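The values are calculated or read from the model by the stated rules, or taken from the named source; none is laboratory data. The shown structure was predicted, so the numbers you read here are calculated from the model rather than taken from an experiment. Positions of Cβ are generated from backbone atoms using ideal geometry, with glycine treated the same way; all protein chains shown enter the neighbour counts. Calculation scope for accessible area: heavy atoms of the full protein, side chains included, ligands and nucleic acids excluded. Shrake-Rupley method; radii C 1.70, N 1.55, O 1.52, S 1.80 Å.
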Amino acid sequence: MKKRIHIPVNRSGEETRPAAPDDAPVERQARSARAAAQPQRSGPVFGLAVAVTVILALAVAAYYLVANDISLSLDQGISDAELSRQLDTVVSSARLLELSQRKANQDQVALKHAQERDDEVLIDTFRLSLEKSTQDQRAYQRVWAEALVVLHDEWQLRRQRIEAAFVNRLETLDEAQVGSREALQKSLSWIQAVPQESTPADYFTAQLSGGSNT
């Protein structure tokens, strides 16, 4: 008895082809490699973009903070206490300057008498005293001028405020305070008359060193 051999028949009429090797694992590996490489390329670029954005945001914030702080400082000006202190400095400097000038005049007279008598001891004494009085005058003039510079700077921004402060201070003085009254009046007139070709400091120093403050 012969054995039957079963031969598969393609009933669809298509030619039967041998199965191709499975390449799915290779494709998956390629896709995985591309996916892994993509973050490595975009990662540094994305991080740099974030860093630049943060820096720009901080710069903008800092600019507005500084601008607002400067604007606030300009709007506020010097405080009332500081304004009052500068006016006090003007009055006290004028009084001390007047006293030092009187002392210098007395030293000059005494020095002249000592020289007439040819008294070397008194000559040296009054010469040193006169030198000290002259140094004191320059110091008081410098302090007075510095106060006027501060007041002038504020006057340029808030003229009415400074002029009103001078007027109010003058109203508090009694009739006996002639020197203080004249010092305030002259100071205000100097503040209002600073020429464009001169700095306030130089102008005030020249006015104060021109002679007596009265």
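Within the range 129-164, take every residue that is in contact with a Ser or Thr (Cβ under 9 Å, 6 or more places away or on another chain) and acidic (Asp, Glu) and give me the one that is farthest from ALA81 (Cα to Cα). Within the range 129-164, the match that is farthest from ALA81 (Cα to Cα) is ASP136. Got a sec? Which helices (runs of 4 or more DSSP H) wholly within the range 98-214 have at least 3 residues that are among the aromatic types (Phe, Trp, Tyr) and modelled with pLDDT of 95 or more? Correct list: 120-157.
Annotation note: Cβ proximity below 8 Å between a residue of the range 80-99 that is open to solvent by 70 Å² or more (accessible area, probe 1.4 Å) and a residue that is among the hydrophobic types (A, V, I, L, M, F, W, C) (sequence gap 6+ or interchain) occurs for ARG95/ALA183. Listed by first and then second residue, the pairs linking a residue in the range 165-188 that is on the phi < 0 side of the Ramachandran plot to a residue that is among the small types (Gly, Ala, Ser) and part of a helix (DSSP H, G or I), with Cβ atoms under 7 Å apart and 6 or more places separating them unless they lie on different chains, are LEU173/SER180; GLY179/ALA94; SER180/ALA94; ALA183/ALA94.
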